[in-house]
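The values are calculated or read from the model by the stated rules, or taken from the named source; none is laboratory data. Please read all numbers here as calculations on a predicted model, not as lab measurements. Reconstructed Cβ throughout: ideal geometry from the backbone, glycine too, with neighbour counts over all protein chains shown.
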Amino acid sequence: MPAYMIFDIHVTDPEGYQPYRERAGGIIESYGGRYLVRGGAHEPVEGEWDLDRIVVVEFPSMEQARAAYGSPEYQEIAPIRHAASEGKAVLVEGA
């Protein structure tokens, strides 16, 4: 069953965020993930949304999503994202 890693990110330091962007994609792909949404235009249609950058990554399973997020490679670059942005992340099991 697929799983999704969803980030709601407000980049506060675009230059500082760049090293994270450069490395995250390769890490995600090495764990079987693929980007479905990586920024881009968005349009709230219901409720209150404070959106800046939405990222949605699909993985073949929840186990692979957890492995990617918890991997030493990702945990090495996560502090770069934390220092250059504010946000939330969630793993969601698909249907």
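Data for the structure
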{"quantity": "Selection from the range 17-63 of residues that are in a loop (DSSP other than H, G, I, E, B), at pLDDT below 95 and either surrounded by 14 or more Cβ atoms within 10 Å (Cβ to Cβ) or under 11 Å from the mean Cα position of the chain (by Cα) (or both)", "calculated": "G39, D52"}
{"quantity": "Single match in G25, G94 (criterion: without any contact (Cβ under 8 Å) to a residue 24 or more places away in the chain and among the small types (G, A, S))", "calculated": "G25"}
{"quantity": "Residue count for the range 1-27, restricted to those that are touching a helix residue (DSSP H, G or I) at 6+ places or on another chain (Cβ under 6 Å) and β-branched (V, I, T)", "calculated": "2"}
